[in-house]
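Peer 1: One structure is given below, represented as structure tokens, and several questions about it will come after.
None of the figures in this text is laboratory data; all of them are computed from the coordinates on show. In this text the structure is predicted, and so the values were computed from the model without any measurement. All Cβ positions, glycine included, derive from the backbone under ideal geometry; neighbour counts span all protein chains shown.
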């Protein structure tokens, strides 16, 4: 994991963004935010499980599907299976060590 602080690379309203192996942070203070870093670490693990490129294809496709489903960009983002898994486990700092392979699939259902 390579942490980069550069607020202009993170979309407005987001604290972090992960593009394997980089984690882009909006502010240098975010480096100290253990929950945020763990959330992004979960995304790194998800990206590895799907061999990186398929992760982005799935993520974007699911976002479009959720956008059609909810007609609200924020609600669509929150309901992407990868995000649901990361938010549900971001406070469990041992999660990436015990995470089952492709666990995000259990978060596909609403």
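Peer 1: Quick one: order 35, 5, 23 by neighbouring beta-carbon count within 10 Å, fewest to most.
Peer 2: Numbers: 35 13, 5 16, 23 23.
Taking fewest neighbouring Cβ atoms as first place, the list is 35, 5, 23.
Peer 1: How large are Rg and Dmax for the chain when only the alpha carbon atoms are used, in Å?
Peer 2: Expressed in Å, the Cα Rg and Dmax of the chain come to 13.5, 36.
Peer 1: Quick check: residue separation of residue 72 and residue 33 times 0.36 nm, minus the Cα distance between them. What number comes out in nm? Could the numbers behind the result be given before it?
Peer 2: Numbers: separation 39, 0.36 × 39 = 14.04 nm, distance 2.78 nm.
11.3 nm is the gain from fully extending residue 72 to residue 33.
Peer 1: Another question, then. If you take every DSSP beta bridge fully contained in the chain, what fraction is antiparallel? Give it as a percent rounded to 5. Mind showing how you got there, number by number?
Peer 2: Details: 4 of 8 bridges.
The antiparallel fraction comes to roughly 50 percent.
Peer 1: Per residue of the chain, what 222 nm ellipticity follows from adding -39500 (n - 2.57) for every DSSP H run with n ≥ 4, rounded to the nearest 500?
Peer 2: Numbers: 5 runs with 53 residues, N = 110.
Roughly -14500 deg cm²/dmol at 222 nm, from the helical runs in the chain.
Peer 1: May I ask you to compute the full-extension gain from residue 64 to residue 91, defined as 0.36 nm times their residue separation minus their alpha-carbon distance, rounded to one decimal in nm?
Peer 2: So the chain would gain 7.0 nm between residue 64 and residue 91.
Peer 1: OK, next. What order, most packed first, do the peptides 40-50, 11-21 have when packing is the mean number of other Cβ atoms within 10 Å of each residue?
Peer 2: Details: 40-50: 19.7, 11-21: 13.7.
The most tightly packed comes first, giving 40-50, 11-21.
Peer 1: What number, in percent, do you get for the relative contact order of the chain if the mean sequence gap of Cα pairs under 8 Å and at least 6 apart is divided by its residue count? Display every interim value, and only then the final one.
Peer 2: Values: 131 pairs, mean separation 23.1, N = 110.
Taking the mean separation of contacting Cα pairs over the length of the chain, I get 21 percent.
Peer 1: Of 83, 29, 62, which has the largest mean-square fluctuation in a 10 Å C-alpha GNM of the chain?
Peer 2: 29
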